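Here is the structure we will look at, set down as structure tokens.
The values are calculated or read from the model by the stated rules, or taken from the named source; none is laboratory data. Predicted, not measured: the structure shown is a model, and the values here were computed from it. We place every Cβ from the backbone using ideal geometry, glycine too, and count neighbours over all the protein chains shown.
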Amino acid sequence: MKSFDTIVIGAGHNGMTAANLLARRGQKVLVLEASQVPGGMATSSELAPGYSIPSIAHSLNGLDDKTIAALGLAGAGLRFEPDPLPTVCLLPAADPLVLPNGYAAPIPGMAGGDQKNWQDLLGSLSFQAAILKQFIASTPPQPRERSFQLKAEGLKAALKMKRAGKSELREFLRMVLMPAADVVQEAEIDRRLAGLLSFDATLGIAVGPRSPTSILGLYYRLATQTGQPRVPVGGMAAAMNAFHQAGVAAGAVFRFGTPVRRIVVDGGKVTGVVTEGGEEIGAATVLSAISPVATFGSLVGSRVMDTGIVRDVRSIRTKGNVTKLNLALGLRPTFKGAGNGATRLVFAPSVDDVERAFNPSKYGELPEAPCFEAILSAAGDQSVPAGAAYLSVSVQNTPYDLRSGWKKGRVALMKSVMTRLEQFSPGIAKAVVAAETLAPPDIEERYHVPGGHWHHGEWQVDRLFFNRPVFGAANYRAPIEGLFICGAGTHPGGGVNGLSGLNAAREILGAVR
Amino acid sequence: MSMKAAGAASEFWRNPQWKSPFHDRIEALMTERHWYDWAGYAAPEIIDDAELEYFAIRSTAALFDISPMVKYSISGPDAEQFLNHLTLRDVSKLKAGRVQYTAWCDDDGQVLDDGTLFRFDDSTFRLCCQERHLPWLMDTAFDYDVTVREETDEIAGLALQGPTSAALLRDAGIDVSGLKPFQIAVLPKSLGRGHISRTGFTGDLGYELFVDRKSAGALWDHLWQHGTLRGLRAIGYHALNIARIEAGFIVANADFVTSETALRSNRPRLPDEIGLDWMVDLTKPHFNGKRAIERSRQSKSRREVLVGLEIEGNEPAQHAIVYHAKRREVGVVTAGIWSPTAKRNIALACVDARYETGDNLWVEIYALRELRYHKLMKRARIVERPFIKLPRRTLTPPGDF
């Protein structure tokens, strides 16, 4: 039987991040991936001949320079488009609002008062998010075992805020669990920006802007997406290939097309894995970088786990609510406000529109006017034929358990989004060469993520920090010796930032030392 | 659970206690009218005379209604594996027709309850306990081919305890001469569908009978009829409690706080902290709390121990504080009585584990004498449990008294 120090299950970007770091520290690492390519939900696939389109995730906004350096990604070919990614807010019966560089720059043509309110709100949210970042980028303390560390971290953060002025701490404690709608309303920002922030705060989470705690999603975005929004040269597949190549260069062994059937546990200890092909591979440490529900439910099985944690894992809300529409277009469509570079289009005209789109999802229905974001490829993008383009659309509030069924739902959703796009770019429907609709059940099937959730499990306050994925396993350790977990379902959550992979690798190195 | 026992549901609020199938018979005998709440049922504390009731246990025969005991039916191909996951002891070693005293823990190794596990055949069990656990059992069972059902109000139970109990049963047409301790036999069909086991909570010769609810009244009457010449007396919990302390048995939420009912996070106990360490079978591949118990043993983090105390004098030490060298507070008495059979002042106590073997232990008893407290500081010695050992408890065939 072959044997490794650590077996990583899943070559998503977090699994590859951890494998890379462990290999750099001299470990013998094997990465097993079910599909034929690296990247999991963050890669691209060929939708039509010559069209490589981001399958699910379509930007690398969360990946910071420190991580890129630590993994040697630049050496493995990761490059970013030099131009910042502008955001174009599509508005019915009005000119679009253009943010040339995400939230970063002043908004051209916006009046002084509105501009100031916008900058003030961003300033205070960014300040608070920067303090949250120290928690996001490290392993959550376990309240039971290391209460001292928890107190120390909390104190450090409180001190930082206190030093910035005593009202900052009070302000943070007041705002942290507010509805996003109330935050933007009291800041009196432009209603178009209020719509954008409401959308950004709630995309991928089953809340509306008027739901309590919905501002958390915005903090997460701000804390993980510092600096400029980034689009990788060559698309998501190129970025994931860089992760793969960097891992190989670090010494990790990758095997694709090798799904794992189960994690072998003997007397409470991990001894290795068995692949679907029946091959047993030994390792004292296994890092499962897939959905924690799949890890515990399918690969480990509840028979070797205690009832309490099984109960907690089963209560993770895994049902996704984002549908991905991928469009291969024969011509690059024109949208007012969009230039030649890659562009982010957002349809979320106001807080009311975002909230109204959320309401039906509670009852298993599709919104009448869905809100969405879309990435329009740059003119001259190499991942599509010359003169062509792709549009990669994430539509929110599309519930996993659609009452009318997804067979009808896919058609209805595509139709309503196309009608909306047609409104802003007449003729776009005719340019469609190929299209696919990946509803949550499709994402579940294709990526082996129970529920088809972006974050592998709801990213809400009851499942964050030391409760993510569940209390007792938030330090990336499963309650089985030698078994570790990372990925979107663990702290801090989804997004292409590699943080859970980084944290988990650190924990593994700390445990074997 | 249905509310059949409570009568008309609309009137339930007037007296929100269920009635056991023996309620009317007990009520007819009861002169003390002293009821208490046992898991939602009205249960007798004293029927007519607590002392005579106690001496019925030790000298003749006593009949105690155990119908309120929480009972779960557990059956299916995976029942044994499921129970091995749930409980501390190895269920594969429990043969069909036998009973096992056992306990179960949560993920942190903290005891959820103790109870008795009856194995009727390979795949059919009954678990009897103090607290209700259906959600925990169902969540443990979810990956096993097993059916878990609460049957508390469907099955009536009677404990028949005392030296003349075997002879009484023989007179009543139930042959228990070959029945060994912890063994189960099927009741004669004429008495209804049910079982008899040589088990009990008194440390004496004794049996427990379980029948379907509709046969309950007839079973009571049948035993009662044959009990006249055997000194049979219906008893309440007061008498039983004295007997169980003498036998050294613990009661959940009296001698320890169960994990699910504790309000304070430091109150639940590991098996090792309440004298149940002998149950923990670490050779089993997995069971709930195994990892936590192993870790606690490795790190020697056991905080408390449950011990038997013999205390000088004759004043019961119920809930007294235990001191070391009369000064340092090191524990509390959970149950204290003057033992009529041992003729000693005995107690069960939770004590700081560092004083497990230490002497120089004292208990401070506040004795109320006509509205004035007499503070007694009495010497306490840690002694073996049980406090009394009766050969007749285990003798097979049992004595013919």
Practice problem: Need at least 3 residues that are touching an Asp or Glu at 6+ places or on another chain (Cβ under 8 Å) and more than 14 Å from chain B (Cβ to nearest Cβ) per element, so show me which strands (runs of 3 or more DSSP E) inside segment A:239-326 make the cut, counting only ones lying wholly within it. | Solution: A:269-275, A:280-288
Self-check item: Residues of segment A:276-291 classified as surrounded by fewer than 18 Cβ atoms within 10 Å (Cβ to Cβ) and not acidic (Asp, Glu), total
Solution: 4
Self-check item: Output for segment A:447-485, where each listed residue is without any contact (Cβ under 8 Å) to a residue 40 or more places away in the chain and more than 19 Å from the chain's Cα centre (by Cα)
Solution: A:477
Quiz item: So which residues in segment A:475-513 are out of contact with any strand residue (DSSP E or B) (no Cβ under 8 Å at 6 or more places or on another chain) and within 14 Å of another protein chain (Cβ to nearest Cβ)?
Solution: A:479
Self-check item: Residue in segment A:389-399 that is of a type in the set (Ser, Thr, Tyr) and assigned to a loop (DSSP other than H, G, I, E, B) present
Solution: yes
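Within segment A:358-384, restricting attention to residues that are assigned to a helix (DSSP H, G or I) and either free of Cβ contacts under 8 Å to residues at least 60 places away in the same chain or of a type outside the set (A, V, I, L, M, F, W, C) (or both), which residue is surrounded by the most Cβ atoms within 10 Å (Cβ to Cβ)?
Selected residue: A:361.
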Practice problem: Name the single residue, out of those in segment B:45-58 being hydrophobic (A, V, I, L, M, F, W, C) and assigned to a helix (DSSP H, G or I), that is surrounded by the fewest Cβ atoms within 10 Å (Cβ to Cβ). | Solution: B:52
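Can you say whether residue B:212 is within 14 Å of chain A (Cβ to nearest Cβ) and either surrounded by fewer than 18 Cβ atoms within 10 Å (Cβ to Cβ) or modelled with pLDDT of 95 or more (or both), as far as the supplied structure shows?
When the stated conditions are applied, residue B:212 does not pass them.
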Practice problem: Take the residues in segment B:1-36 that are modelled with pLDDT of 95 or more and loosely packed, with under 13 Cβ neighbours inside 10 Å, then tell me which one is nearest to residue B:49 (Cα to Cα). | Solution: B:31
Quiz item: Hey, does segment B:389-397 have a residue that's part of a loop (DSSP other than H, G, I, E, B), within 19 Å of the chain's Cα centre (by Cα) and within 24 Å of residue B:111 (Cα to Cα)?
Solution: no
Exercise. Go through (1) touching a residue at least 24 places away in the same chain (Cβ under 8 Å); (2) farther than 17 Å from residue B:385 by Cα and name the single condition residue B:248 misses.
Key: (2)
Practice problem: May I ask you to verify whether residue A:143 is assigned to a loop (DSSP other than H, G, I, E, B), at pLDDT below 85 and farther than 29 Å from residue A:97 by Cβ? | Solution: yes
Quiz item: Do we have residue B:137 as surrounded by fewer than 20 Cβ atoms within 10 Å (Cβ to Cβ) and among the aliphatic types (A, V, I, L, M) here?
Solution: no
Quiz item: Can you spot a residue in segment B:239-256 that is within 14 Å of chain A (Cβ to nearest Cβ) and closer than 16 Å to residue B:104 by Cα?
Solution: no
Practice problem: Identify, from the list B:234, B:218, the residue that is over 22 Å from the mean Cα position of the chain (by Cα), at pLDDT 95 or above, in the same structural domain as residue B:52 (by TED's automatic domain parsing) and not basic (Lys, Arg). | Solution: B:218
Self-check item: Residue that is farthest from residue B:241 (Cα to Cα), among those in segment B:301-341 that are of a type in the set (Val, Ile, Thr) and surrounded by fewer than 18 Cβ atoms within 10 Å (Cβ to Cβ)
Solution: B:321
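Could you tell me whether residue A:429 is closer than 23 Å to residue A:53 by Cα and surrounded by fewer than 20 Cβ atoms within 10 Å (Cβ to Cβ)? If you could, list the steps in order and put the result at the bottom.
Numbers: closer than 23 Å to residue A:53 by Cα: yes; surrounded by fewer than 20 Cβ atoms within 10 Å (Cβ to Cβ): yes.
Yes, satisfied.
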Exercise. Considering each of A:416, A:404 in turn, give the residue that is surrounded by fewer than 22 Cβ atoms within 10 Å (Cβ to Cβ), of a type outside the set (D, E, K, R) and in a loop (DSSP other than H, G, I, E, B).
Key: A:404
Quiz item: If you check A:505, A:511, A:474, which single one turns out to be in a helix (DSSP H, G or I) and crowded, with 21+ Cβ neighbours inside 10 Å?
Solution: A:505
Exercise. For segment A:103-116, state whether one or more residues are under 30 Å from residue A:7 (Cβ atoms), of a type outside the set (Val, Ile, Thr) and not in a helix (DSSP H, G or I).
Key: no
Practice problem: Select from segment A:210-224 the residues that are at pLDDT 95 or above, buried (at least 23 other Cβ atoms within 10 Å of the Cβ) and polar (S, T, N, Q) and list them in ascending order. | Solution: A:214
Quiz item: Of all the residues that make up segment B:59-83, how many are assigned to a strand (DSSP E or B) and closer than 18 Å to residue B:98 by Cβ?
Solution: 5
